[in-house]
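Chemist: Structure below; questions to follow.
The values are calculated or read from the model by the stated rules, or taken from the named source; none is laboratory data. Just so we're clear, the structure is a prediction, and the values are computed from it rather than from any experiment. Using ideal geometry, Cβ is built from the backbone for each residue, glycine included, and neighbour counts are taken over all protein chains shown.
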Amino acid sequence: METLVYKRPESLLKDGQFTFCPGCGHGVVLRIIAELIDEYNLKKDTIAISSVGCSIFLEKFFDLDVAGASHGRSPCVATGVKRCKPDKFVFTYQGDGDAATIGFNETIHTACRGEHITTIMINNTNFGMTGGQASATTLVGQVTTTTPKGRKPELTGYPLHAAEIIAGCEGTAYAARVAITTSKNIRQAKEAIRKAFEAQIKGLGYGFVEVLAACPTNWHMKPIEAVKHIDNIIEQVHPLGVFKDVSAQETK
Amino acid sequence: MAKVLVKGNEAIAQAAINAGCMCYFGYPITPQSEIGEYMGAHLPEMGRTFITAESELASINMVIGAGTTGTKAMTSSSSCGIALMQEAISAMCCAEVPGVIVSVMRGGPGLGNIAPAQNDYFQAVKGGGNGDYKTIVLSPSTVQEAIDLTYRAFHIAIKYRNPVMLLADGILGQMMEPAEFGEYPFDDPDTSSWALNGADNRPARNIVSLHMPEGAMEQLTDRLFEKYEQIAKEETTSESFMIDDAKLVLTAFGSVGRIAKAAAIKARENGMKVGVFRPVTLFPFPDKDLHEVAKKADMILDLEMNKGQMLLDVRSAVFGACPVEFFGRTAGGLLTPDLIYQKIEEVYKKIETKTKAGVV
């Protein structure tokens, strides 16, 4: 008897095609999100909030209701939606330029208010869509189009560690940083996003998952080199881990 | 319902509650902070949403979130705070998200001062946001009208799926006078055909403001401008006061429209034929009505508490039908009935001189 072990999630559009660069991490994360929405039977109750950057085209991939937000403001749009429809499932999908740079004030305040929404933040340490400029999470020494000799702390300071800061907010129920460089950590990333979704479903508070993702085009690396760069270099600066899990604290 | 003595800002807040405003998102700024305070005191106990947002950027984007679900929501602010909302107001027009924005103008530019002013006509009517778009702008001149126009703002925001701005000033916001809260008089359209509530046994929907395919943005803008024409046909409102035989017509909006009436009455008492034309909707601007008025008048005197902003729309509407003079003070300089009367005497002489010379 045949057993179906791999199928397209219902929450992805049947004719939707990812338009990301080869080796980009967005497609993996969008698929994880779609799988989880299927697993929790949330398709009929989900409103996804897109943002500005490579994270923008959610309606081209998801078979879900989508509201668009201006750059950095998707947590605010999500707050408005969730307060009006508290029984619906609301998540934002943002990059490091959106959630950690122009919109970090909004991200922090959404966390402090303990909004019952979930944020998935793709961190590829640069503004991907506009051609690879330095963002708040760019590593010291990282070459970008705006730091052609590498990010110099004396000129542009130090990388922002989003997941750790969000974990410090009282309204945060779950905050983690994950990677999607191996099969193992893709599974761990899915479990982290599951926990962040459950924090919303159970009404525990704000869930935040930062996903380290490759941007081979703007890093000027081959996809396989980009993945190794995350494991060997980026994780030294932006370490993987669960920085807050209210549900785990309760069970102790 | 009996009249009550009520402050302008609180009247707007209570009217919003009566209109079914389920959410208020705002950030404090003088001279409109009473709106947020009133909402904070009343909405939570009614089971509705009140959030002091982290900024005006946040509050208007929360209004967008509520609006995408078809829920009535409002924010309020003043001058520099409204400036921060412009990107989102442009996005609301593009994505057709309803919402009500109350702007209680203070003196500017910059942080300016907290005195009453009308120097944000351009900001409200022409918009500081990007692209071709129109915000519907309603301009009350009394506390009673602020109540009535707040009701109307909520209705037409939903009706046209467009942001509506109630443009008040510090005089109206801070002034107390008797007013009556009638019942919300409108039947609002059903939002279920477009609102986001999850793709349950229907195709997924999106409400976004990015339209990249070739031609898509122009096509959308053309459709939006057809909608704006429809709004102009159905919603344009103005008030004419002692205008039928007026040689000199005063044009003014908001609080100054009211002050102008007092000056016109005094002018009539002194034998000058003066009337007042007051646009109530600033977009859509009552240009056709004003043009008809201008054709019968000898002169128009535009009065504003700014350096001449509505003046451009007045001149455009008059289109040479009669001369247009301007008198304004700005950034807290008040136009009193006496000041306006002095200006009326001054310009009325020009009409009489021309009449004697056979020019008019």
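Chemist: Any chance the stretch B:28-46 includes a residue that's within 14 Å of another protein chain (Cβ to nearest Cβ), modelled with pLDDT of 95 or more, surrounded by 23 or more Cβ atoms within 10 Å (Cβ to Cβ) and closer than 20 Å to B:VAL137 by Cβ?
Modeler: no
Chemist: One residue is enough: does the stretch A:36-47 have a residue meeting the conditions among the aromatic types (Phe, Trp, Tyr), more than 7 Å from chain B (Cβ to nearest Cβ) and not in a loop (DSSP other than H, G, I, E, B)?
Modeler: Looking only at the stretch A:36-47, we keep the residues that are among the aromatic types (Phe, Trp, Tyr), and these are A:40.
In the following step, the residues that additionally are more than 7 Å from chain B (Cβ to nearest Cβ) were identified as A:40.
Then drop every residue that is not not in a loop (DSSP other than H, G, I, E, B), which leaves none.
No.
Chemist: Still on this model: Could you run through the stretch B:205-224 and say how many residues are more than 13 Å from chain A (Cβ to nearest Cβ), without any contact (Cβ under 8 Å) to a residue 60 or more places away in the chain and not small (Gly, Ala, Ser)?
Modeler: 6
Chemist: While we're here: Just checking, does the stretch B:135-150 include any residue being in a helix (DSSP H, G or I), among the β-branched types (Val, Ile, Thr) and either closer than 30 Å to A:LYS14 by Cα or touching a His at 6+ places or on another chain (Cβ under 7 Å) (or both)?
Modeler: In the first step, residues of the stretch B:135-150 are kept if they are in a helix (DSSP H, G or I); the result is B:143-150.
Within this subset, residues satisfying the condition of being among the β-branched types (Val, Ile, Thr) are B:143, B:147, B:150.
When the remaining residues are screened for being either closer than 30 Å to A:LYS14 by Cα or touching a His at 6+ places or on another chain (Cβ under 7 Å) (or both), the result is none.
No, the stretch B:135-150 has no match at all.
Chemist: Only one of these is closer than 22 Å to B:ILE82 by Cα, within 14 Å of chain A (Cβ to nearest Cβ) and basic (Lys, Arg): B:ARG161, B:ARG152, B:ARG202. Name it. It would help to see each step written out before you state the result.
Modeler: Working: B:ARG152 fails: within 14 Å of chain A (Cβ to nearest Cβ); B:ARG202 fails: closer than 22 Å to B:ILE82 by Cα.
Going through B:ARG161, B:ARG152, B:ARG202 in turn, the sole match is B:ARG161.
Chemist: When A:ILE33 is evaluated against the numbered criteria (1) surrounded by 19 or more Cβ atoms within 10 Å (Cβ to Cβ); (2) closer than 21 Å to A:ALA199 by Cα; (3) facing another protein chain (nearest Cβ under 9 Å), which criterion, by number, is the only one it fails?
Modeler: (3)
Chemist: Quick check on the stretch A:48-83: of everything there that is among the acidic types (Asp, Glu) and outside any loop (DSSP other than H, G, I, E, B), which residue is surrounded by the most Cβ atoms within 10 Å (Cβ to Cβ)? Reasoning before the result, please.
Modeler: Taking the stretch A:48-83 as the starting set, the residues that turn out to be among the acidic types (Asp, Glu) are A:59, A:63, A:65.
Among the residues that remain, those that are also outside any loop (DSSP other than H, G, I, E, B) are: A:59, A:65.
Values: A:GLU59: 22, A:ASP65: 31.
Ranking the qualifying residues of the stretch A:48-83, first place goes to A:ASP65.
Chemist: Let me ask you something else. Can you name the number of the only condition in (1) among the polar types (S, T, N, Q); (2) over 30 Å from B:ILE114 (Cβ atoms); (3) within 22 Å of the chain's Cα centre (by Cα) that B:ASN206 fails?
Modeler: (3)
Chemist: Of all the residues that make up the stretch B:152-171, how many are of a type outside the set (Lys, Arg), modelled with pLDDT of 95 or more and either assigned to a helix (DSSP H, G or I) or touching a Gly at 6+ places or on another chain (Cβ under 6 Å) (or both)? Lay out the reasoning, then the answer.
Modeler: First, the residues of the stretch B:152-171 that are of a type outside the set (Lys, Arg): B:153-158, B:160, B:162-171.
Now drop any that are not modelled with pLDDT of 95 or more, which leaves B:153-158, B:160, B:162-168.
Then keep just the ones that are either assigned to a helix (DSSP H, G or I) or touching a Gly at 6+ places or on another chain (Cβ under 6 Å) (or both); that gives B:153-158, B:160, B:163.
The total comes to 8.
Chemist: Still on this structure, I have one more. Return yes when B:ALA15 is of a type in the set (Gly, Ala, Ser), touching a residue at least 40 places away in the same chain (Cβ under 8 Å) and away from every other protein chain (no Cβ under 14 Å) and no when it is not.
Modeler: It is true that B:ALA15 is of a type in the set (Gly, Ala, Ser), touching a residue at least 40 places away in the same chain (Cβ under 8 Å) and away from every other protein chain (no Cβ under 14 Å).
Chemist: Sticking with this structure for a sec: B:ALA16 passes all but one of (1) within 17 Å of the chain's Cα centre (by Cα); (2) surrounded by fewer than 20 Cβ atoms within 10 Å (Cβ to Cβ); which number fails?
Modeler: The one condition B:ALA16 does not meet is (2).
Chemist: Of the numbered conditions (1) closer than 25 Å to A:ALA189 by Cβ; (2) away from every other protein chain (no Cβ under 14 Å); (3) out of contact with any helix residue (DSSP H, G or I) (no Cβ under 7 Å at 6 or more places or on another chain); (4) surrounded by fewer than 23 Cβ atoms within 10 Å (Cβ to Cβ), A:LEU160 satisfies every one except a single condition; which is it?
Modeler: Of everything listed in (1) closer than 25 Å to A:ALA189 by Cβ; (2) away from every other protein chain (no Cβ under 14 Å); (3) out of contact with any helix residue (DSSP H, G or I) (no Cβ under 7 Å at 6 or more places or on another chain); (4) surrounded by fewer than 23 Cβ atoms within 10 Å (Cβ to Cβ), A:LEU160 misses just condition (3).
Chemist: Moving on. Look at the stretch B:52-95 and say how many of its residues are outside any helix (DSSP H, G or I), more than 9 Å from chain A (Cβ to nearest Cβ) and without any contact (Cβ under 8 Å) to a residue 40 or more places away in the chain. Reasoning before the result, please.
Modeler: As a first pass, look at the stretch B:52-95 and keep what is outside any helix (DSSP H, G or I): B:52-55, B:69-78, B:85.
Filter once more, so that each one left must be more than 9 Å from chain A (Cβ to nearest Cβ): B:52, B:72, B:74-78, B:85.
Next, from what is left, pick out any that are without any contact (Cβ under 8 Å) to a residue 40 or more places away in the chain: B:52, B:85.
The number of residues fulfilling the criteria is 2.
Chemist: Checking the structure you have, find out if any residue of the stretch B:146-164 is crowded, with 16+ Cβ neighbours inside 10 Å, under 18 Å from B:SER76 (Cβ atoms) and among the hydroxyl-bearing types (Ser, Thr, Tyr).
Modeler: yes
Chemist: Follow-up question, since we're still on this one. Restrict the check to the stretch B:184-198 and report whether at least one residue is more than 14 Å from chain A (Cβ to nearest Cβ), touching a residue at least 60 places away in the same chain (Cβ under 8 Å) and in a helix (DSSP H, G or I).
Modeler: Within the stretch B:184-198, not a single residue is more than 14 Å from chain A (Cβ to nearest Cβ), touching a residue at least 60 places away in the same chain (Cβ under 8 Å) and in a helix (DSSP H, G or I).
Chemist: Mind listing whichever residues of the stretch A:79-101 are within 10 Å of another protein chain (Cβ to nearest Cβ) and under 15 Å from the mean Cα position of the chain (by Cα)? I'd like the intermediate steps shown before the answer.
Modeler: Filtering the stretch A:79-101 for residues within 10 Å of another protein chain (Cβ to nearest Cβ) gives A:79-90.
The one that is within 10 Å of another protein chain (Cβ to nearest Cβ) and under 15 Å from the mean Cα position of the chain (by Cα): A:VAL90.
Chemist: Being at pLDDT below 95 and on the phi < 0 side of the Ramachandran plot: is that true of B:THR69 here? Spell out how you get there, then give the answer.
Modeler: Working: at pLDDT below 95: no; on the phi < 0 side of the Ramachandran plot: yes.
Against the criterion (at pLDDT below 95 and on the phi < 0 side of the Ramachandran plot), B:THR69 does not qualify.
Chemist: Scan the stretch A:53-76 for residues that are among the β-branched types (Val, Ile, Thr) and either more than 8 Å from chain B (Cβ to nearest Cβ) or over 24 Å from A:ASN126 (Cβ atoms) (or both) and jot them down. Reasoning before the result, please.
Modeler: Let us first name the residues in the stretch A:53-76 that are among the β-branched types (Val, Ile, Thr), namely A:56, A:66.
Matches in the stretch A:53-76: A:VAL66 only.
Chemist: If the requirement is being under 21 Å from B:PRO116 (Cα atoms), at pLDDT 95 or above and either in the same structural domain as B:VAL137 (by TED's automatic domain parsing) or aliphatic (A, V, I, L, M) (or both), which of these qualifies: B:LEU312, B:LEU248, B:LEU282, B:LEU290? Spell out how you get there, then give the answer.
Modeler: On the way: B:LEU312 fails: under 21 Å from B:PRO116 (Cα atoms); B:LEU248 fails: under 21 Å from B:PRO116 (Cα atoms); B:LEU290 fails: under 21 Å from B:PRO116 (Cα atoms).
Answer to the selection: B:LEU282.
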